[in-house]
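Scroll down for the structure; my scribbles are underneath it.
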Amino acid sequence: MAVSQWRNRDHLLFRALKTHPAINWIAATALVIVIVQQWLLTTPQLFAGGAAVGEVLFDLSLATLAAWVFHLVVVVIPRLRAERLLLAQEHGHLRGASGAAAAVLRAMSASAGNPLPDPLPALTLAKVTTICENVDLQVSPEDFAPGSWQDYLVYEADRATRRHQRIEAAYAFLPVELVAILRGLAAHAYVKQIEALKNLPMSNEHPEFLAPSLYAYLQKCSELGKYLDEKVEPVLP
C-alpha cells in the first residue's frame with residue numbers, strides 16, 4: 001500500500017512539473033542564474049557596476065524560484081489532486097458515456113440475431129449501416145419489451161443526457177481536453193436526432209437513416225474511451 005501511495009504521489013508531482021512548461025523554463029533559467037551567481041562571487045567584475053547588476057539578477061531569480069515553488073505547492077498540486085479525486089468519483093459515469101453508442105449497436109445486433117463480440121471491434125460506416133438495416137422496428141428490443149425501438153432509442157439518449165448533466169457540473173475542475181470531448185458528445189447530431197424523434201412516429205421498417213449519425217457518435221464515444229484509457233485511468237488513486 002505504501003509503495004502504491006508513493007507512486008501516486010510521484011506521478012502527481014511529475015504531472016505538476018509538466019504543467020505550464022513556459023513557467024518551468026523561466027524557473028529553470030532563474031535557477032541557472034542563482035548557480036552562476038554563486039560561482040561568480042570569487043570572480044572580479046567584468047565591467048563597472050557588474051557586481052550590482054549580478055546582485056539584482058540574483059535577487060530577482062530567487063524571488064522567481066520562490067514564486068514558482070509556491071505556485072507548484074499551493075496551486076498546481078492541490079488542483080491536480082482534486083482533479084484526480086473528481087475523476088475517480090465520476091469514472092463510472094465517464095465510462096458509461098464512452099459506451100453509449102456501443103450499447104445501442106449491441107442491442108441492434110442482438111435483435112437481428114448477430115450479437116457483436118466483446119470487446120467491440122472497430123466498425124466501419126458500412127458495418128453500422130448493415131446493423132441498422134437488419135433491425136426490425138416492428139419487433140421490441142431484447143430486454144426492453146413491450147417498449148418499441150423508438151422508446152428504447154429515446155431512453156438511451158435521455159440516459160446519456162442525464163449522465164452528461166451530472167458531469168457538466170464538474171467541467172470547471174476537469175482537463176480541458178476531456179471537457180471538449182464531453183461537450184462534443186452532449187451536443188452531438190445523433191443525440192439531437194433522437195431527441196427530434198420523441199414526438200415523431202418512426203414509420204420506417206428499419207432505422208438505416210440513423211447510421212451516419214450513429215457511426216459518428218460511435219467515433220466520438222471511442223475518442224472518450226481512448227482518453228480514459230490513456231489519460232485518466234493511469235492517474236486514478
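The values are calculated or read from the model by the stated rules, or taken from the named source; none is laboratory data. Since the structure is predicted, the reported quantities are computational estimates derived from the model, not experimental observations. Because the Cβ atoms are built from the backbone with ideal geometry, glycine has one as well, and the counts that use them run over all protein chains shown. Note: areas computed on protein heavy atoms with side chains; ligands, DNA, RNA excluded. Shrake-Rupley method; radii C 1.70, N 1.55, O 1.52, S 1.80 Å.
Within the option set D158, D151, being in contact with a Phe, Trp or Tyr (Cβ under 9 Å, 6 or more places away or on another chain) and of a type in the set (D, E, K, R) holds for one residue only, D151. Selection within the stretch 126-138: residues that are among the aliphatic types (A, V, I, L, M) and within 10 Å of E205 (Cα to Cα). The member of this set that is nearest to the chain's Cα centre (by Cα) is V135.
Looking only at residues of the stretch 197-237 that are acidic (D, E) and more than 14 Å from the chain's Cα centre (by Cα), we find that the one that is nearest to P175 (Cα to Cα) is E208. The residues in the stretch 201-213 that are surrounded by fewer than 12 Cβ atoms within 10 Å (Cβ to Cβ) and either under 17 Å from S109 (Cβ atoms) or at pLDDT 75 or above (or both) can be counted, and the count is 1.
The residues listed here are S111, S98, S140; of these, the one that is under 26 Å from K231 (Cβ atoms), of a type in the set (S, T, N, Q) and open to solvent by less than 80 Å² (accessible area, probe 1.4 Å) is S98. Among the residues of the stretch 85-107, those identified as farther than 14 Å from K220 by Cβ, of a type in the set (A, V, I, L, M) and in contact (Cβ under 8 Å) with a residue 60 or more places away in the chain are L85, L86, L87, A88. Among the residues of the stretch 114-128, the ones that are buried (at least 17 other Cβ atoms within 10 Å of the Cβ) and outside any loop (DSSP other than H, G, I, E, B) come to 1 in all. Per this entry, E177 is counted among residues that are under 30 Å from A82 (Cβ atoms), modelled with pLDDT of 90 or more and open to solvent by 70 Å² or more (accessible area, probe 1.4 Å).
Only one of the numbered conditions (1) surrounded by 17 or more Cβ atoms within 10 Å (Cβ to Cβ); (2) part of a helix (DSSP H, G or I) is violated by V135, and that is (2). Within the stretch 197-220, the residues that satisfy the criterion of being touching a His at 6+ places or on another chain (Cβ under 9 Å) and either under 18 Å from G96 (Cβ atoms) or among the polar types (S, T, N, Q) (or both) are S213, Y217, K220.
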